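Please read the structure below before turning to the comments.
The values are calculated or read from the model by the stated rules, or taken from the named source; none is laboratory data. A quick note: this is a predicted structure, and the numbers were derived from the prediction, not measured. Backbone-built Cβ (ideal geometry, glycine too); neighbour counts: all protein chains shown. SASA here: full protein model, heavy atoms, side chains in, ligands and nucleic acids out. Shrake-Rupley method; radii C 1.70, N 1.55, O 1.52, S 1.80 Å.
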Amino acid sequence: MKGIKGFLIDLDGVMYTGDRPVQGAETAIRFLEESGCSYRFVSNTTRKSRGTIAGQLARMGLDVPERFIFTPPLAAVAYMKQAGRDRCWFLITGDADRDFGPACRPSSVDFVVIGDAGEKITYESMNTAFRYVMGGAGIIALEKDRYWMAASGLSLSAGPFVAALEYATGTTAVIVGKPSPEFFRLALNDMGIGPHEAAMIGDDIVTDIAGAQATGMRGVLVRTGKFREESLRSSPVRPSAVIGSIADLPEILGQQAGRRQGTGP
């Protein structure tokens with residue numbers, strides 16, 4: 001993979017699954033640091049704030065600065081600032097609302113902000129969201145993934161519920177997480193590189209790989225997390241590379257370095 005100066009890396013399913021790191025994840029981070037290659041983590045996780053994610057990674061032995069972690073709430077806040085409206089109602093769980101800071105005031109509603117809400121998805125909560133949207137609020141989808149790999153197995157993500165809300169209201173949600181190009185660009189701009197100088201590493205062929213390629217990046221699919229061989233075979237999306245896990249990242253950069261030095265094939 002020629003010309004790669006930086007990587008955007010998914011977290012859940014790539015660096016860890018459940019509460020356990022993927023084997024070789026720590027070594028991959030150390031390799032990136034030693035190689036001088038830029039990297040940022042872009043996750044559609046909407047249950048945790050950036051601080052909570054950094055703490056979780058630290059407990060797994062993965063030393064990642066909080067400022068290297070990009071999550072959909074950051075993009076949502078940027079979108080609301082641009083729109084000049086910041087009153088929102090959350091349909092999320094966990095502490096991801098901390099990343100909104102004072103941006104949201106629940107006194108009235110400009111936007112329904114929906115993410116992976118887990119057990120908070122009920123008829124009552126969906127109906128409340130429905131009524132706000134029918135009353136004129138917009139929908140901000142922190143992500144629209146179909147499913148994710150929980151510790152207990154494959155689990156529904158926010159996508160099916162966002163789609164239900166769109167169908168019921170006739171309103172199209174603004175998606176601020178992957179595969180939104182604006183979300184990817186937040187992290188790329190932070191590294192100071194363009195999309196053609198970067199590659200995305202993820203376990204979802206739609207949100208990670210297709211999203212990255214639509215933005216101008218290359219996409220590297222890992223066979224961990226929610227990866228399914230049949231999804232790869234049936235998808236029209238062709239990853240730039242498919243690797244066993246994040247542990248194989250040095251091979252990609254090693255091949256690139258070898259070609260620069262004239263030692264590669």
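Quick check on region 166-179. Is at least one of its residues in contact (Cβ under 8 Å) with a residue 12 or more places away in the chain, among the basic types (Lys, Arg) and closer than 16 Å to residue 74 by Cβ? Scanning region 166-179 turns up at least one residue that is in contact (Cβ under 8 Å) with a residue 12 or more places away in the chain, among the basic types (Lys, Arg) and closer than 16 Å to residue 74 by Cβ.
Restricting 237, 242 to those that are part of a loop (DSSP other than H, G, I, E, B) and either of a type in the set (Ser, Thr, Tyr) or over 14 Å from the mean Cα position of the chain (by Cα) (or both) reduces the list to 237.
Here region 199-215 is the region considered, the condition is being in a helix (DSSP H, G or I) and among the β-branched types (Val, Ile, Thr), and the residue that is surrounded by the fewest Cβ atoms within 10 Å (Cβ to Cβ) is 206. Just the residues that are at pLDDT 95 or above and in contact with a Ser or Thr (Cβ under 9 Å, 6 or more places away or on another chain), please, taken from region 143-170. Result: 165, 166. Selection of region 198-253 for residues being closer than 26 Å to residue 18 by Cβ, touching a residue at least 24 places away in the same chain (Cβ under 8 Å) and among the small types (Gly, Ala, Ser) yields 199, 202, 210, 211, 212, 225, 231, 235, 241, 245, 247.
If the Cβ limit is 7 Å and pairs must be 6+ apart or interchain, which residue in region 129-158 that is farther than 19 Å from residue 71 by Cβ pairs with which residue that is among the charged types (D, E, K, R) and open to solvent by 70 Å² or more (accessible area, probe 1.4 Å)? Here the result reads 151/19, each pair linking region 129-158 to a residue that is among the charged types (D, E, K, R) and open to solvent by 70 Å² or more (accessible area, probe 1.4 Å). From the list 97, 116, the lone residue that is open to solvent by less than 40 Å² (accessible area, probe 1.4 Å), under 28 Å from residue 13 (Cα atoms) and not in a strand (DSSP E or B) is 116.
Within region 13-56, the set of residues being out of contact with any helix residue (DSSP H, G or I) (no Cβ under 9 Å at 6 or more places or on another chain) and among the basic types (Lys, Arg) comprises 20, 30. From the list 121, 139, the lone residue that is within 19 Å of residue 87 (Cα to Cα) and of a type in the set (A, V, I, L, M) is 139. The set of residues in region 53-76 that are closer than 23 Å to residue 120 by Cα and open to solvent by 20 Å² or more (accessible area, probe 1.4 Å) comprises 56, 74.
Scanning region 14-38 for residues that are under 19 Å from the mean Cα position of the chain (by Cα) and either modelled with pLDDT under 90 or surrounded by fewer than 21 Cβ atoms within 10 Å (Cβ to Cβ) (or both) yields 16, 17, 18, 19, 20, 21, 38.
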